[in-house]
1. Under the definition of Cα pairs under 8 Å and six or more residues apart, what whole-number percent is the relative contact order of the range 1-129?
2. Quick one: among PRO347, PRO216, PRO225, which has the greatest mean-square fluctuation in a GNM of the chain with alpha-carbon springs under 10 angstrom?
3. Working from Cα positions, state the angle (0 to 90°, nearest 10) between the long axis of helix 335-344 and the longest principal axis of the chain.
4. Over the range 248-338, give the accessible area per residue in Å² for a 1.4 Å probe, as an integer.
5. Pop a pseudo-label 7 angstrom from the Cα along the beta-carbon direction at both GLU68 and ASP235 and give the gap in nm to one decimal.
6. Tell me, what HN-Hα J-couplings in whole Hz come from the Karplus equation 6.51 cos²θ - 1.76 cosθ + 1.60 at θ = phi - 60° for each residue of the range 220-237, using x for Gly and Pro?
7. Name the most mobile residue of GLN103, GLN139, GLN148, meaning the one with the largest mean-square fluctuation, in a Gaussian network model of the chain with Cα contacts below 10 Å.
8. Starting from the amide H of THR131, placed 1.01 Å from N in the peptide plane, find each other amide H under 5 Å away whose residue is 5 or more places distant or on another chain.
Amino acid sequence: MGDQTLVNAPWLHIVGIGEDGMDGLTPATRAVVEAAEIIVGGDRHHQLSDSVTATRVAWPSPFDALIEKLNEFKGKRVVVLATGDPLWFSVGARIGRAIPPAQIVYHPQLSAFQLTAARMGWSLADVETLTVHGRPVHQMVAFIQPDQKLIILTTGAETPAQIANFLTERGFGGSEMTVLANMGGEKEQRFEGLADSWTHEVPAFNTLAVNCIAAPDAALLPRVPGLSDDLFQSDGTMTKQEVRAATLAKLMPMRGALLWDIGAGSGSVAIEWMRAARYARAIGIEPRADRRAMAAENALALGAPKLQLIDGEVPAALDGLDAPDAIFIGGGLSSETFDIAWKNLRPLGRLVANAVTLESEALLIALHKKHGGQLVKIGVERAEPVGRLTGWRPAMTVTQWSLVKR
């Protein structure tokens, strides 16, 4: 027991530091930093703590080498410096996934989100907090909605202008933007303007606050599944709006969950899956290059830039993929594809298969008889012009089979 306690004793301190440097730390945290033998951080962090005598180590490149580097220092007094709250879109979360929590002590500082909310007079409970720092900027597109307030950790000086363009292109050019730079320090700056006329040159270290204001003709892109078909590039074979909404309801998007979209086509199901839940992931399997290209463009335009697209035929293309939390079979349906997909699906995973041909429907009926689940037919009719009048035009009826792995 004693040996195990010693093995798991805290040896690594992850300290949040602000623009006010050592002066902003609590006495206890300041003592930890001053007693450190090794301090790991970026150039900015080292400058903020330059009064401390310790061996200085820069972030390794590639960054994933950080964990190996930290483990080399075990047995010494090690401090990692991070900006603000180390566990809020910061390095502390990455380290905590690789090193036992019992070996780490976290020392949080006010985060950029808290400081920005205070400067803006916004309640954090009413704000979406996002980061595009080191991540695709396009992912913030999924959060552009009327009257939504956003606080965004940026990548650099160019990020606010990029986001201003996204807002303007989608009919939110009147959105109010505020960039706050170097918050909490002597060089703190504030820049304000509207998205459609944003021209400010801002410092690289900044945080962006956006009050989304929609024009009457703005594109409405709710995160609830069922986006208009017109928002997707397609060759006509995509899962249509009403059926897509019903499909996603059965797939049940959840935070961080992984979807296999088999026969991804234009990527509509995978993209809506990723938009519907924070950090949801999707792998689209599609053998046609032209459709993969459309799916990639749709993913960028609609805020799902991390959609992974694989060139391959099923079931062979499923080999070696991470185990999914949900599977949609929109193309390539066969008994063999189902068997492999079902085997790889995680417990409580959801599987949905759609069919429009008699042959595929017969297979779904057989699978339903063997495995259970829910079998439904979805028929959609849309009002369209018939000469000078209006009539109902039916779409192809879809047979949908869904089940949960117990």
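The values are calculated or read from the model by the stated rules, or taken from the named source; none is laboratory data. These numbers come from a predicted model, not from an experiment. Counting neighbours? That spans all protein chains shown, and the Cβs are built from the backbone with ideal geometry, glycine included. Calculation scope for accessible area: heavy atoms of the full protein, side chains included, ligands and nucleic acids excluded. Shrake-Rupley method; radii C 1.70, N 1.55, O 1.52, S 1.80 Å.
1. 36 percent
2. In the Gaussian network model the winner is PRO216.
3. 20 degrees
4. With all protein chains present, the range 248-338 gives 36 Å² per residue.
5. For GLU68 paired with ASP235, the spin-label model returns 4.3 nm.
6. 8, 10, x, 7, 5, x, x, 5, 4, 4, 5, 7, 10, 6, 7, 9, x, 9
7. Largest GNM mean-square fluctuation: GLN103.
8. LEU153
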